[in-house]
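Coordinate-derived values only; no laboratory data. Nothing here was measured: the structure is a model prediction, and the numbers come from that model. Because the Cβ atoms are built from the backbone with ideal geometry, glycine has one as well, and the counts that use them run over all protein chains shown.
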Amino acid sequence: MTRLLIIGPPGSGKGTQAEHIARHFNIPAVSTGEIFRTNVSQETPLGREAARYLDGGDFVPDHLTNALVKERLRDSDVRPGFLLDGYPRTAPQVSELDNMLASLGQRLDAVIELLAPDAELEQRMLQRAKDQGRKDDTVEVFRRRLDLYHRETHEVVSVYAGRGLVVCIDGSGEPSEITKRAIAAVEKFLTT
Ligand code: ADP
């Protein structure tokens, strides 16, 4: 029964780390960004709507994102636990998630904050642009996403910090080292 969030700036390797950490704790990783991208590539109605925001690096409107997470959290595979990646990203999304969890009789155990210097984030994003060809991995769109992160998502971290839930992880270095670091820190946090 482990319920975790992972929060980190674009390019911090949040998605990759989420998968590894989730595997360790034997829980599904739920990535809103990934769900949106899948919908975009399958050209679903949600995908068509979301693409307008994704491509420019803007947040998808809360009503769409909240509804998507609400539905996903009702699935049976996430009953025993989950690692949410990319949600909540704004203060209103925090309240929404609070409501969703309260109605399910659940609560969060820890919030992982993955940190890396902005210059390193940009380098990694440029590399990912070559490797994966994500449409939102251009310098301008990346800067917009990073700016939004600093303006909006920091507040999310502050709210959870106020609740004593945040575990800070140094996100620089080798991905496998970061995974080890994160798992060790979360386990320690959960047992103390
Ligand atoms: P990154 O953290 O590298 O920006 P993500 O895969 O987490 O990448 O998100 C990609 C895009 O998906 C975001 O820029 C945004 O448009 C959309 N998105 C993902 N999660 C949310 C959310 N919680 N609220 C609004 N938009 C979101």
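Just a few scattered comments:
- Each listed q (0.16 Å⁻¹) maps to a log10 I(q)/I(0) for the stretch 2-191, found by the Debye formula over equal Cα scatterers with no solvent: -1.04.
- Taking other residues whose beta carbon is less than 14 angstrom from the beta carbon of Val156, and scoring Lys, Arg as +1 and Asp, Glu as -1, yields -3.
- Taking every DSSP helix (H) stretch of at least 4 residues in the chain, weighting each as -39,500 (n - 2.57) and dividing the sum by the residue count yields a mean residue ellipticity at 222 nm of -17500 deg cm²/dmol.
- Taking θ as phi - 60° and the Karplus parameters 6.51, -1.76 and 1.60, the scalar couplings of the stretch 83-98 work out to 10, 7, 10, x, 8, x, 10, 9, 4, x, 5, 4, 4, 4, 5, 3 Hz in sequence order, x denoting glycine and proline.
- Of the trypsin sites (Lys or Arg not before Pro) found in the stretch 88-187, those that fall in a DSSP loop while having at most 13 other beta-carbon atoms within 10 Å are Arg107, Arg163.
- Taking amide hydrogens as placed 1.01 Å from N in the peptide plane, the amide H of Arg3 sits under 5 Å from those of Phe82, Asp109, Ala110, each at least 5 positions away in sequence or on another chain.
- Sequence of Phe25, Phe59 once ranked by neighbouring C-beta atoms within 10 Å, starting from the fewest: Phe59, Phe25
- Taking other Cβ atoms within 10 Å as a rough exposure proxy, Ser76, Ser172, Ser12, Ser41 sort from fewest to most as Ser76, Ser41, Ser172, Ser12.
- Mean Cα-pair separation over length for the chain, i.e. relative contact order, pairs under 8 Å, 6 or more apart, %: 34
- For the stretch 88-192, the square roots of the Cα gyration tensor eigenvalues, ordered a ≥ b ≥ c, give a/c of at least 1.5 with a/b no greater than b/c, which places it in the oblate category.
- Our coupling estimate for the stretch 50-61, obtained by passing each phi through the Karplus curve with A = 6.51, B = -1.76, C = 1.60 and θ = phi - 60°, is 5, 4, 4, 8, 4, 4, x, x, 8, 6, 5, x Hz, Gly and Pro reported as x.
- Computed about its Cα centre, the charge dipole of the chain is approximately 300 debye, with only Lys, Arg, Asp and Glu carrying charge at their Cβ.
- Euclidean distance between Cα centres, the stretch 22-43 to the stretch 147-192, Å: 19
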